[in-house]
1. Just to be sure I understand, how many residues within the range 189-227 are assigned to a loop (DSSP other than H, G, I, E, B) and either out of contact with any Gly (no Cβ under 7 Å at 6 or more places or on another chain) or hydroxyl-bearing (Ser, Thr, Tyr) (or both)?
2. Of all residues in the range 301-338, how many are hydrophobic (A, V, I, L, M, F, W, C) and surrounded by fewer than 19 Cβ atoms within 10 Å (Cβ to Cβ)?
3. Considering every residue within the range 260-267, establish whether at least one is surrounded by 15 or more Cβ atoms within 10 Å (Cβ to Cβ), at pLDDT below 95 and acidic (Asp, Glu).
4. Given the condition charged (D, E, K, R) and buried (at least 16 other Cβ atoms within 10 Å of the Cβ), answer yes or no: does some residue in the range 184-192 qualify?
Amino acid sequence: MEGLRLQSLGGAALLPAARPQRRRGGNRLRALASVRGGVRQLAVSIDDLRLARDAVVAGGGADGHAASGRGAAVAPQEDRAAEKLRAVADAAADRAEMHDIIGRQRDNWNHLLLHSTNSLTLAASVMAALAPAAPSVVALKASAGALFATAAVTMAAVNKIQPSQLAEEQRNATRLWRQLERDVRYTAAAPVVTDADVQEAMDRVLALDAAYPLPLLPGMLEKFPKTLEPTRWWPKRQMKNKPAQTKAINGARRGATAGNGWTQDLEDEMRGIVRVLRAKDEQEYVTAGKRVLTLNRGLAVAGPALAGTAAVAAAFVGAGEVGSWASGAAVLCGALAAAVNTVEHGSQFGMLFELCRNVAGFYRKVQEDIEACLDEADVERRENGEVFETKVALLLGRSTSDLRLFREMASPSIKDEDIKDFAGKLF
């Protein structure tokens, strides 16, 4: 192929003699330089130009791969937090499934043990009633005594674990684990994920595990606690020292809190809601829970005691004059034991107690969320005020216009005894 001649005009050399650059994986540019008549000429074949172009492309590709390699080395460090959050979300989904399965199982326990225990008690009562007039009095009274004793032991065990309360724990835990999974996946999809987000998610997981344990024994929650405390399924927040400017006069604070959807009126509204929640809503369910606990404790003791008394009375059936009285006592105590057992577990007093404790915990969490938001002095770092107000209204089952009624409750001149209305309408 003929060489392509690049010749300078006017006898001046346009292409100075330069040292060719070396590239990894490419060939050198081969050129013939000749001087004819004082004019420098450069002869380069088209094939050589193509080879040189391929060498440049190959060299650039190698540099690009090196740069992408460096970027790939940095990318895992940036995405590591997101990967951890996705692992937390997967664990939360698995926990929700486990709690759902166990909740169904323990709800079945409540129904099966209720009907089985009542069947034992009523069958034993019938045997105790028929024993004095039956020819095989010994067999009947022995059978009645065995059934009464079995019913007493079963009642004591069931009253200890409270299956209806166990089922309510697992139902609430399932809902909270699913909520945690949604929150963590939403955070993992954010453009920027930090290690603080991972630590917060881990703290929530540990707090939820402690609030609703999976094992039955050991580790089961106390079913008859001495004092009733609202359930806590969220981690404790570190209290921040309030800055000095929060103690300024109302006018100065009004100017400081204006922005990002926040105003002084909105802050007073949130403080009034916190006060009403603490004085009315939370205390209402704590008081109701204590009443349910007291009644349930009495029924839990009465049921096995009546069944045990019936078993002892059944042993004296057919023993002379005392036999008729013993038969009547066994029948009466057996019937009362079945009635007590039905009232306790048929009405699910354990579930009612757990429900009161969970609702009180719900209202306490709303209080702490509002207080944590208000403790942030810089309004630009808070959640938008209007959005936060909408979330609080939805949690309490009210409209945003209803929340303005609680603005005056933030005034120290109003006593807790003067508060008549409740903040929440959802429960």
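The values are calculated or read from the model by the stated rules, or taken from the named source; none is laboratory data. Please read these numbers as outputs of a predicted model, since none were measured by experiment. Glycine also receives a Cβ, built like all others from the backbone with ideal geometry; neighbour counts cover every protein chain displayed.
1. 20
2. 10
3. yes
4. Checked against the condition, which is being charged (D, E, K, R) and buried (at least 16 other Cβ atoms within 10 Å of the Cβ), the range 184-192 yields at least one hit.
Condition check ((1) within 21 Å of TRP233 (Cα to Cα); (2) in contact with a Phe, Trp or Tyr (Cβ under 6 Å, 6 or more places away or on another chain)) across all residues:
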| site | (1), (2) |
| --- | --- |
| ALA329 | no, no |
| ALA338 | no, no |
| THR342 | no, no |
| VAL359 | yes, yes |
| ILE370 | yes, no |
| ASP375 | no, no |
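Yes or no, residue by residue, for (1) touching a helix residue (DSSP H, G or I) at 6+ places or on another chain (Cβ under 8 Å); (2) small (Gly, Ala, Ser); (3) in a helix (DSSP H, G or I):
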position	(1), (2), (3)
LYS365	no, no, yes
PHE388	yes, no, yes
LEU394	no, no, yes
ARG398	no, no, no
LEU403	yes, no, yes
PHE406	yes, no, yes
SER413	no, yes, no
LYS420	no, no, no
LEU426	yes, no, no
